[in-house]
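Trainee: One structure, as structure tokens, below. Some questions next.
Coordinate-derived values only; no laboratory data. Predicted, not measured: the structure shown is a model, and the values here were computed from it. FYI the Cβ positions are ideal-geometry reconstructions off the backbone, even for glycines, and counts take in every protein chain you see.
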Amino acid sequence: MRIDTSTEPGHPDRPNEDFLAVALPAGNSGGSLVLLDGVTPPRDDVGCVHSVTWYVAALGGTMIELSVSRPDLALADCLAIAIERTAELHRHTCDLSHRLTPQATAVAVRWNADTVDHLVLSDSVLLLEGADGVVRPVLDDRLDRLRALGPITNAQRNAEGGFFTAAADPGVTGRAVTGSSPRGDVRALAALTDGATRLVDGFGDDDWAGTFALLRKQGPEELIRRVRAAESADPDGARFPRWKTHDDATAVLAELG
């Protein structure tokens, strides 16, 4: 099995709000992967004394532990418990009902000898490569559909008709895109935060199959380098309008064999 990863903050003076963990349990033919992208709030007043990095570390650490220790639980249930446990850590000091309370997008994958289970919530991306070499993206496209209609507002965050992230309500996991594939049907997989997907869903310079091929041949570090080059060539967002010139970018490739 091959696991190849790379991550880079969007700005050297700001902490990286992405989280990645891969677990390969001893004596087990399977493994688990959790990728979170912390959502940077547009302002500081979010009703919480904790940072986004604190939140993703707490949520991600609990999620990866549950995905390994509780194979009887579906990934959505693991995420729901992780959200609830993280909320309990700061429920008495923070306003968790605030629309901008710390939150994250999520990708989770768990595989064993028989199956590959997956979960995607919000705009991080999972790519599954089949035994035939075909690359299938698993996407939660709510944000893309909303963007096609106009500017996104905070009122659409974790609201009916809007888009959903892992924040303080464990019920949000019912909105995640989930599924399961026979292990023999998945040769490899890749997970990317939206900062690492910009060549496809921002600049339109690549497609998912091309991105997967790049990850395999030259690695996640090269993918992020190319994203940064495209961003630097468009610093004012004339070609690709965006809130951040550079975003935290994380990519992982797992060859399951």
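Trainee: At least 2 residues that are surrounded by fewer than 16 Cβ atoms within 10 Å (Cβ to Cβ) in each: list the strands (runs of 3 or more DSSP E) lying fully within the stretch 161-257 that qualify. Give the derivation first.
Mentor: Details: elements: 177-182, 186-192, 249-255.
In the stretch 161-257, 177-182 are the strands (runs of 3 or more DSSP E) which contain 2 or more residues that are surrounded by fewer than 16 Cβ atoms within 10 Å (Cβ to Cβ).
Trainee: Tell me whether the stretch 58-73 contains one or more residues that are among the polar types (S, T, N, Q), without any contact (Cβ under 8 Å) to a residue 24 or more places away in the chain and out of contact with any Lys or Arg (no Cβ under 8 Å at 6 or more places or on another chain).
Mentor: Yes.
Trainee: Here are some residues: ARG157, ARG183, ARG198. Which one is farther than 24 Å from GLY10 by Cβ and touching a strand residue (DSSP E or B) at 6+ places or on another chain (Cβ under 9 Å)?
Mentor: Numbers: ARG157 fails: farther than 24 Å from GLY10 by Cβ; ARG198 fails: farther than 24 Å from GLY10 by Cβ.
Result of the check over ARG157, ARG183, ARG198: ARG183.
Trainee: Related question: If we keep just the residues of the stretch 83-118 that are among the small types (Gly, Ala, Ser) and within 15 Å of the chain's Cα centre (by Cα), which is farthest from ALA176 (Cα to Cα)? So that I can check it myself, show each step before the final result.
Mentor: At the first step, the residues of the stretch 83-118 found to be among the small types (Gly, Ala, Ser) are 87, 97, 104, 106, 108, 113.
Filter once more, keeping what is within 15 Å of the chain's Cα centre (by Cα): 104, 106, 108.
Values: ALA104: 13, ALA106: 9, ALA108: 11 Å.
Ranking the candidates gives ALA104 first.
Trainee: Then there's this: Filter the stretch 168-187 down to the residues that are out of contact with any Leu (no Cβ under 6 Å at 6 or more places or on another chain) and among the β-branched types (Val, Ile, Thr) and list them by number.
Mentor: VAL172, VAL177, listed by residue number.
Trainee: With the requirement that a residue be touching a Lys or Arg at 6+ places or on another chain (Cβ under 9 Å), of a type outside the set (A, V, I, L, M, F, W, C) and farther than 21 Å from ASN16 by Cβ, what does the stretch 80-136 give you?
Mentor: Listed by number, the residues that qualify are ARG99, ASN112, ASP114, THR115, ASP117, HIS118, GLU129, GLY130, ASP132, GLY133.
Trainee: Regarding the stretch 233-246, can at least one residue be identified that is among the β-branched types (Val, Ile, Thr) and within 17 Å of ASP123 (Cβ to Cβ)?
Mentor: Step one: list which residues in the stretch 233-246 are among the β-branched types (Val, Ile, Thr), which gives 245.
Keeping just the survivors that are within 17 Å of ASP123 (Cβ to Cβ) gives none.
The answer is no, given that none of the residues of the stretch 233-246 is among the β-branched types (Val, Ile, Thr) and within 17 Å of ASP123 (Cβ to Cβ).
Trainee: Within the stretch 1-16, which residues are hydrophobic (A, V, I, L, M, F, W, C) and either outside any strand (DSSP E or B) or out of contact with any strand residue (DSSP E or B) (no Cβ under 9 Å at 6 or more places or on another chain) (or both)? Steps first, answer last, please.
Mentor: Taking the stretch 1-16 and keeping what is hydrophobic (A, V, I, L, M, F, W, C), we get 1, 3.
Residue satisfying the conditions is MET1 alone.
Trainee: Taking the condition of being touching a strand residue (DSSP E or B) at 6+ places or on another chain (Cβ under 8 Å) and farther than 22 Å from CYS48 by Cα, how many residues in the stretch 89-121 meet it? So that I can check it myself, show each step before the final result.
Mentor: We begin by selecting, within the stretch 89-121, every residue touching a strand residue (DSSP E or B) at 6+ places or on another chain (Cβ under 8 Å); these are 99-100, 102-111, 114-121.
Those still in the list that are farther than 22 Å from CYS48 by Cα too: 107-111, 114-121.
Adding up the residues that qualify gives 13.
Trainee: While we're here: Checking VAL49 against (1) in contact with a Cys (Cβ under 7 Å, 6 or more places away or on another chain); (2) of a type outside the set (Ser, Thr, Tyr); (3) in a helix (DSSP H, G or I); (4) within 24 Å of ALA155 (Cα to Cα), which test does it fail?
Mentor: (3)
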